[in-house]
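The values are calculated or read from the model by the stated rules, or taken from the named source; none is laboratory data. This is a predicted model, so every value here is computed, not measured. Heads up, the Cβs are rebuilt from the backbone with ideal geometry, glycines too, and the neighbour counts pull from every protein chain shown. Accessible surface is based on the protein model in full, side chains and every heavy atom, while ligands, DNA and RNA are left aside. Shrake-Rupley method; radii C 1.70, N 1.55, O 1.52, S 1.80 Å.
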Amino acid sequence: MFLTLGIETSCDDTSVSVVEGLSDVRSLVISSQIKTHAPYGGIIPELAARDHLKNITWVLDKALKEADIKNPERQLSLIAVTCGPGLMGSLLVGVMFAKGLSQVWEKPLIGVNHIEGHVYSLFLTEANDIDFPFLCLVISGGHTDLLIVMAPGSYKVLGSTRDDAIGEAFDKVAKLLDLGYPGGPIIDKLSKKGDENAFNFPVPLIDDEGFDFSFSGLKTAVSLQVKELKKRYGKLTDDVKADICAAFQKAAISELLIKVKRAVSSTGITKVGICGGVSANSYLRQKIKELRNIKVFFPPLKYCTDNAAMVASAGYMRYSMGEISPISLTPDPALLL
Ligand code: KG4
Ligand code: ZN
């Protein structure tokens with residue numbers, strides 16, 4: 001039995017998981033920092049690092065207990081940790097902790113790219129059904145990437161965001177409307193009560209031939225609309241907020257759908273994996289099913305946002321291919337795939 005201990009601290013979730021092989025999640029513990037950052041409407045890096053430091057030990061203890069690991073030195077096979085991209089202070093906590101465990105328990109260490117981690121969240125349940133190559137859309141608070149996954153560990157980046165990540169745009173629009181943090185799930189829910197055609201926000205880069213994304217223009221369009229409405233009517237009603245959310249969500253998700261359709265027709269690859277926090281979005285899940293000749297797969301909701309099970313899975317894949325990280329492993333906040 002090959003058990004990997006996964007550790008994820010790249011942003012604002014402290015998570016530890018034990019995964020058997022590529023996809024059998026034996027335990028997953030996530031300590032969210034939403035309460036710490038909510039008053040600021042976004043993540044404060046210094047506070048994130050401090051929370052990771054405070055929580056990582058009990059999160060590890062709980063993950064080992066839930067996986068019934070009484071003797072980690074004997075039972076664990078590998079330690080996998082996110083080493084980038086992400087916030088430097090946050091990454092440092094996880095990487096240093098993993099290095100300490102690797103030394104004390106005499107286990108091999110593997111550094112994992114966080115984006116590859118999200119790709120491997122798709123393998124946590126669908127491992128047997130996924131064959132290569134497939135297209136992959138990684139959409140989260142920090143990333144918006146469209147990839148071809150050629151083979152395990154081999155990627156071709158078709159396009160990325162030129163400015164904000166899509167999740168960041170959801171969070172910023174929610175902040176503009178005083179809806180709370182993180183904005184994605186709130187906008188997703190509120191949009192169901194709104195009229196997506198009440199406002200006509202621009203679909204970003206609609207005429208661009210490539211696969212890149214952009215969300216800052218859309219965010220500015222929403223901000224200008226909000227200002228104008230406030231000037232005219234004073235406070236925004238809940239109904240107006242719901243309409244703005246629905247119209248914003250329609251424009252942002254349309255951009256994803258257009259690029260996925262274009263990637264399918266230009267590559268001929270019809271299998272599309274969608275992962276990362278924004279892949280939890282219910283409007284996206286519904287709309288993408290309407291595209292013809294595409295087989296779409298998502299991780300279950302619990303593996304969409306940051307978690308250590310995906311890191312363990314990606315680490316296992318890398319280790320199986322003969323890779324190992326030196327004990328001098330250092331985090332890289334701008335690590336590329
Ligand atoms: O993958 P993740 O946990 O962290 C990063 O790697 O960034 O993604 C977090 C992002 C946040 O921006 C959050 O607002 C967004 O995912 N998100 C959603 C939904 N659930 C989470 N966005 C849209 N709809 C959702 N249902
Ligand atoms: Zn992430």
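Quick notes on this structure:
- Search result, residues across segment 306-337 that are surrounded by fewer than 17 Cβ atoms within 10 Å (Cβ to Cβ), small (Gly, Ala, Ser) and within 16 Å of ligand 1 (Cβ to nearest atom): ALA334
- Of LYS54, LYS35, LYS70, all but one fail to be farther than 30 Å from GLU168 by Cβ and free of Cβ contacts under 8 Å to residues at least 24 places away in the same chain; the exception is LYS70.
- One residue stands out among those in segment 147-169 that are within 16 Å of ligand 1 (Cβ to nearest atom) and farther than 22 Å from CYS245 by Cα: the one that is surrounded by the fewest Cβ atoms within 10 Å (Cβ to Cβ), which is SER160.
- Residue match in segment 288-308 (condition: part of a helix (DSSP H, G or I), more than 16 Å from ligand 2 (Cβ to nearest atom), over 20 Å from THR9 (Cα atoms) and not basic (Lys, Arg)): yes
- Some residue of segment 226-249 being more than 16 Å from the chain's Cα centre (by Cα) and closer than 30 Å to GLU20 by Cβ: no
- Checked against the criteria, HIS143 counts as modelled with pLDDT under 95, closer than 30 Å to GLY210 by Cα and within 14 Å of ligand 2 (Cβ to nearest atom).
- Members of segment 286-305 that are surrounded by 13 or more Cβ atoms within 10 Å (Cβ to Cβ) and under 15 Å from LEU122 (Cα atoms): VAL296, PHE297, PHE298, PRO299, LYS302, TYR303, CYS304, THR305
- Matching option when the condition is in contact (Cβ under 8 Å) with a residue 60 or more places away in the chain, in contact with a Gly (Cβ under 8 Å, 6 or more places away or on another chain) and farther than 26 Å from ALA314 by Cα, among VAL149, VAL173: VAL173
- Members of segment 70-91 that are within 19 Å of ALA309 (Cα to Cα) and part of a helix (DSSP H, G or I): PRO72, GLN75, SER90, LEU91
- Filtered residues of segment 213-235 (kept if in a loop (DSSP other than H, G, I, E, B) and buried (at least 16 other Cβ atoms within 10 Å of the Cβ)): SER214, PHE215
- Boolean, VAL138 is closer than 23 Å to LYS54 by Cα, in contact with a Gly (Cβ under 6 Å, 6 or more places away or on another chain), modelled with pLDDT of 95 or more and within 16 Å of ligand 2 (Cβ to nearest atom): no
- Residue check for THR270: closer than 30 Å to ILE110 by Cα and open to solvent by 50 Å² or more (accessible area, probe 1.4 Å): no
- Close pairs (6 angstrom Cβ cut-off, 6 or more residues apart or separate chains): under 18 Å from SER328 (Cβ atoms) in segment 104-118, among the small types (Gly, Ala, Ser) and within 16 Å of ligand 1 (Cβ to nearest atom) anywhere: VAL112/ALA314
- Subset of segment 70-121 (residues that are charged (D, E, K, R) and open to solvent by less than 10 Å² (accessible area, probe 1.4 Å)): GLU116
- Qualifying positions in segment 23-34 - open to solvent by less than 50 Å² (accessible area, probe 1.4 Å) and either under 19 Å from the mean Cα position of the chain (by Cα) or more than 17 Å from THR57 (Cβ to Cβ) (or both): SER23, VAL25, LEU28, VAL29, SER31, GLN33
- Close pairs (9 angstrom Cβ cut-off, 6 or more residues apart or separate chains): more than 16 Å from ligand 2 (Cβ to nearest atom) in segment 263-283, of a type in the set (A, V, I, L, M) and in a helix (DSSP H, G or I) anywhere: ILE269/ALA263; THR270/VAL264; VAL272/VAL260; VAL272/ALA263; VAL272/VAL264; VAL272/ILE288; TYR283/ALA246; TYR283/ILE253
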